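The values are calculated or read from the model by the stated rules, or taken from the named source; none is laboratory data. Model, not experiment: these values are computed from the prediction. Here the Cβ is made from the backbone with ideal geometry for all residues, glycine too, and neighbour counts use every protein chain on show. All accessible areas refer to the heavy atoms of the entire protein, side chains included, with ligands and DNA or RNA removed. Shrake-Rupley method; radii C 1.70, N 1.55, O 1.52, S 1.80 Å.
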Amino acid sequence: MQRLIEKYLPNVSQIPDEFKQATIETLYMSFWTAIIAGIFGLVFGVVLVVTRPGGLLEQKYLYHLLDKIVNVVRSIPFIILLALLNVVTRVIAGTTIGATAALVPLVAGVVPFFARQIEVALLEVDPGVIEAAEAMGTSPLGIIFRVYLKEGLPGIVRVSALTIINVIGLTAMAGAVGAGGLGNLAISRGHNRFQSDVTWASLIIILLIVFICQGISNFIIKKISH
């Protein structure tokens, strides 16, 4: 196996430690972005659902404000968002370079995306179930947790998997501008030094991470759907 790697991936075989470190950085950025953005995105998604016109806690002005913010931030290309948040990143993380610093723009870019996905998933919940819960005198908070989040769980898991895959792609883009990870390795060594085997190896590892995440989400969806 080692001989095959040295023969077909000569540059990769010389930097195993760099690949290990880059993979750890990619997983680090993906994990913490998913956790932090997942919490905020879920909250904002629920707020969008319950405050929309005709919603459980209708607040038209709040809904339209959040809706516009989500639309605007989602429309900003991530590479530009990275540049726009340089100052904010430096204030929060103390630097604009590295995996930890990348969490700031990653979270900022993923929260509105996930919030919109959560909104769509929760709007698929049967309105009849919500009306029945209201007729039984269930409080708004009870309806949110016992109806929206419980009945919409398969949809939430599905959009969470989609978001995590999107996050992995964004970490590669962030890596291209100094965040580290596999994206940085693919650009700094693979592209800039014309080491195509490094680029291909980075891509394969990223795809493996994506396939594993997708497989786990499919397994969870099957379990909760039965």
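Derived scalar couplings between HN and Hα for the range 196-201 equal 4, 5, 5, 4, 5, 5 Hz in order, rounded to whole Hz, by the Karplus curve 6.51 cos²θ - 1.76 cosθ + 1.60 (θ = phi - 60°), x for Gly and Pro.
Spin-label model, residue 58 to residue 208: label points 7 Å out along the Cα-to-beta-carbon direction sit 5.4 nm apart.
Which one, 53, 127, 113, projects farthest toward the positive side of the charge dipole computed for the chain from Cβ point charges (K/R +1, D/E -1)? The residue sitting most towards the positive pole is 113.
At a probe radius of 1.4 angstrom, the accessible area of the chain per residue rounds to 57 square angstrom. Show which lysines lie in cross-link reach of residue 68 when reach means a straight Cα distance below 21 angstrom and same-chain residues fewer than eight apart are skipped. Cross-link targets: 60.
When +1 charges are put on Lys and Arg Cβ atoms and -1 charges on Asp and Glu Cβ atoms, the dipole computed for the chain relative to its Cα centre reaches about 340 debye.
Of all the options 210, 111, 88, the one that moves most in a Gaussian network model of the chain with Cα springs shorter than 10 angstrom is 88. Could you pull out every one of the lysines with an alpha carbon less than 22 Å from that of residue 20, ignoring same-chain neighbours closer than 8 positions? Here the lysines satisfying the reach criterion relative to residue 20 are 7.
Database remark: amide H of residue 98 closer than 5 angstrom to the amide H of 179, 180 (H placed geometrically; neighbours at sequence offset of 5 or more, or on other chains; Pro and chain starts carry no H).
In terms of the Cα gyration tensor, with a ≥ b ≥ c the square roots of its eigenvalues, is the range 5-140 rounded because a/c is under 1.5, prolate because a/b exceeds b/c, or oblate? The shape class here is prolate. From the alpha carbon centroid of the range 158-226 to that of the range 119-155 is 34 Å.
The relative contact order of the chain comes to 26 percent, based on Cα pairs under 8 Å that sit 6 or more residues apart.
Comparing mean-square fluctuations of 39, 204, 24 from a GNM of the chain with C-alpha springs under 10 Å, the top value falls on 204. Can you tell me the 0 to 90 degree angle between the C-alpha axis of helix 60-75 and the longest principal axis of the chain, rounded to 10? Orientation of helix 60-75: about 20 degrees from the principal axis. Magnitude of the charge dipole for the range 1-128, about its Cα centre and with charges confined to Cβ atoms of Lys, Arg (+1) and Asp, Glu (-1), is about 240 debye.
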